[in-house]
Amino acid sequence: MTDPRPRPQYGEYAPLPPAAPEGTSEEPTVESPAGPGATLPPIMPDSSLNAQYQRGAAAGLTGHGTSTAAPERKYRLWDVFLTATLLLFGVVDIINTFGTVANLGPVLREGLAAQGMGDFTSDALASDAGGVANIVRVAALVLTIIFALLQIQRKRIAFWIPIIGASIAGIALMVAIFVAVLSDPGFIAYVESLQ
């Protein structure tokens, strides 16, 4: 036989069964799963702590008479301002460096020549690496904006999200530069000449 009462949520007491009809002195019993002849002890009467707790839980109160609903969070203006500023820096950085990163060959040639490290000759590889870096940087910026706005909407601290997005974009740019430089025959010849 199954229990007709609704299943309680985690941390709640099960609801009390319906009261026995008037005129009977027997307490309601529930059939035990151990066997048809065995019965469980009677349910505590309505004046028990169980019933008081259930009435309070139904009214939205805990044992101390306070509401269980969490207080509404306030917008943290400093966080909104800081997050918006960091996102704006990210957008300006992507716009200003998009062309330079897409064409890394001349930039790396000038940088390596200024250091006296030989002539950079892998322009095609540098352009490919720069294109991949741009794609990763733009995707990181878009995801950063989305997640930061969601956190602000939920009234949670969000300034750390643009910092993580900038870190990912910076790592993508460094990897692109390392791949382009370390695969250049002129740079490899320079490193071998040092040994």
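The values are calculated or read from the model by the stated rules, or taken from the named source; none is laboratory data. Because the structure is a prediction, the values reported are computed rather than measured. Every residue, glycine as well, gets a Cβ built from its backbone with ideal geometry; the counts of neighbours run over all protein chains shown. To get the accessible areas, we keep the full protein, side chains included, count just its heavy atoms, and leave off ligands, DNA and RNA. Shrake-Rupley method; radii C 1.70, N 1.55, O 1.52, S 1.80 Å.
Mind checking which residues of segment 162-195 are within 21 Å of ALA133 (Cβ to Cβ) and not in a helix (DSSP H, G or I)?
Within segment 162-195, SER183, ASP184 qualify.
Tell me, which residue of segment 77-88 that is without any contact (Cβ under 8 Å) to a residue 40 or more places away in the chain and hydrophobic (A, V, I, L, M, F, W, C) is least open to solvent (accessible area, probe 1.4 Å)? Outline the logic, then answer.
Kept after step one, since they are without any contact (Cβ under 8 Å) to a residue 40 or more places away in the chain, are these residues of segment 77-88: 77-78, 81, 84-85, 88.
Next, from what is left, pick out any that are hydrophobic (A, V, I, L, M, F, W, C): 77-78, 81, 84, 88.
Working: LEU77: 134, TRP78: 137, PHE81: 149, ALA84: 56, LEU88: 104 Å².
Applying the filter and picking the extreme gives ALA84.
Does segment 108-131 contain any residue that is surrounded by 13 or more Cβ atoms within 10 Å (Cβ to Cβ), hydroxyl-bearing (Ser, Thr, Tyr) and either closer than 21 Å to ASP79 by Cβ or at pLDDT 90 or above (or both)?
Looking for residues that are surrounded by 13 or more Cβ atoms within 10 Å (Cβ to Cβ), hydroxyl-bearing (Ser, Thr, Tyr) and either closer than 21 Å to ASP79 by Cβ or at pLDDT 90 or above (or both), one finds at least one in segment 108-131, hence yes.
Determine whether segment 145-157 contains at least one residue that is of a type in the set (Lys, Arg), open to solvent by 50 Å² or more (accessible area, probe 1.4 Å) and outside any helix (DSSP H, G or I). Step through it out loud before you land on a result.
Just the residues of segment 145-157 that are of a type in the set (Lys, Arg), to begin with: 154-156.
So of that shortlist, the ones also open to solvent by 50 Å² or more (accessible area, probe 1.4 Å) come out as 154, 156.
Adding the requirement that they be outside any helix (DSSP H, G or I) leaves 154, 156.
Scanning segment 145-157 turns up at least one residue that is of a type in the set (Lys, Arg), open to solvent by 50 Å² or more (accessible area, probe 1.4 Å) and outside any helix (DSSP H, G or I).
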